[in-house]
1. Give the residue, chosen from 3, 66, 10, that is within 13 Å of the ligand (Cβ to nearest atom) and either modelled with pLDDT of 95 or more or under 21 Å from residue 205 (Cα atoms) (or both).
2. Please determine, by comparing only the residues of the stretch 69-92 that are aliphatic (A, V, I, L, M) and assigned to a loop (DSSP other than H, G, I, E, B), which one is farthest from the ligand (Cβ to nearest atom).
3. Could you check the stretch 17-41 and list, in sequence order, the residues that are within 12 Å of the ligand (Cβ to nearest atom) and surrounded by fewer than 24 Cβ atoms within 10 Å (Cβ to Cβ)?
4. Quick check: is even one residue across the stretch 189-198 surrounded by fewer than 16 Cβ atoms within 10 Å (Cβ to Cβ), under 17 Å from the mean Cα position of the chain (by Cα) and among the small types (Gly, Ala, Ser)?
5. Any idea how many residues of the stretch 25-40 are of a type outside the set (Phe, Trp, Tyr), within 24 Å of residue 182 (Cβ to Cβ) and touching a helix residue (DSSP H, G or I) at 6+ places or on another chain (Cβ under 9 Å)?
6. Looking at 113, 95, 145, 178 in this structure, which one is touching a Ser or Thr at 6+ places or on another chain (Cβ under 7 Å), within 21 Å of residue 12 (Cα to Cα) and either within 12 Å of the ligand (Cβ to nearest atom) or in a helix (DSSP H, G or I) (or both)?
7. Mind telling me which of the residues 46, 61 ends up being more than 12 Å from the ligand (Cβ to nearest atom) and either in a loop (DSSP other than H, G, I, E, B) or under 17 Å from the mean Cα position of the chain (by Cα) (or both)?
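The values are calculated or read from the model by the stated rules, or taken from the named source; none is laboratory data. Worth saying up front: this structure is predicted, and the values here are computed from it rather than measured. As a convention, Cβ positions derive from the backbone with ideal geometry for all residues, glycine included, and neighbour counts pool all protein chains shown.
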Amino acid sequence: MGGGIVVFGGGGRAGRAVTAEARGRGYEVTAVVREPARYPALGAEGVTVVRGDVTDADSVGSVVGGHVAAVHAVSPFSGPEQGFDTLDPDFFVKAADALLSGLAATGVRRLVAVGLFVNLLGADGRPLMDDPAVFPPEIRPFARAHTAGLDRLRAHAAGEDTVDWVMLTPGGGLEEGAPCTGRYVFGGERATEGSQPTLSYADLAVAVVDEIERPTRHRTRVSVTGVE
Ligand SMILES: NC(=O)c1ccc[n+]([C@@H]2O[C@H](COP(=O)([O-])OP(=O)(O)OC[C@H]3O[C@@H](n4cnc5c(N)ncnc54)[C@H](OP(=O)(O)O)[C@@H]3O)[C@@H](O)[C@H]2O)c1
């Protein structure tokens, strides 16, 4: 596992894309999932699959040691059909706390997290999630939980031994199965107005692994959009 990348949510859509991109560049990858038996294909592809819970600091600490970086591609909510009865509003806050303490305790210095586009700001300076024309109000609890996780990362005091995190937030939709162009553009806190080229999960993964290999953004959140 030495020198490899540990991917929380390695069995999910973003996690699989990051895993494939990292493997393609020659990294060893450890995929952290809640039930390893559900992911036989990952093991067959040469990925080390381990059981873990991103919201539990001891669990995080037990799997991250020896890696050069960690990726947070976990979501407790995979689609509207799932509903919100079981959504913990503090899920992303607990994940931020567990990751920051588990990584710091084991000397892993880089964390790249995947964000959610509706906590970017619109032209009026308000989060996109507050605009019902952009985001269905019924999914707002998930968006609020996500935003609370970002706020928690931001609240983490900087220090020499702390984790150098970055959150890469898709500037719009994320498309599964769309081709990898290898191109993307970073923006800031605001969503760019007008329609944007959709970002593929594969290009998001390129940006994630680039930020591990050659970090350009530190302790901040940026938007990532595709390029025509
Ligand atoms: N346009 C956008 O902005 C956009 C679009 C899509 C996704 N996203 C964001 O991208 C990130 C990844 O989303 P995705 O589409 O890849 O989601 P996904 O396909 O639903 O995968 C999420 C993974 O999280 C894992 N997970 C859930 N709870 C966990 C826990 N407690 N500990 C460890 N793993 C856990 C699940 O794995 P197991 O079941 O194996 O545990 C699942 O495979 C999320 O932050 C999501 O909000 C943003």
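1. 10
2. In this case the residue turns out to be 87.
3. 33, 34, 35, 36, 37, 38, 39
4. No, the stretch 189-198 contains no residue that is surrounded by fewer than 16 Cβ atoms within 10 Å (Cβ to Cβ), under 17 Å from the mean Cα position of the chain (by Cα) and among the small types (Gly, Ala, Ser).
5. 4
6. 95 is the lone residue from the list that is touching a Ser or Thr at 6+ places or on another chain (Cβ under 7 Å), within 21 Å of residue 12 (Cα to Cα) and either within 12 Å of the ligand (Cβ to nearest atom) or in a helix (DSSP H, G or I) (or both).
7. 46
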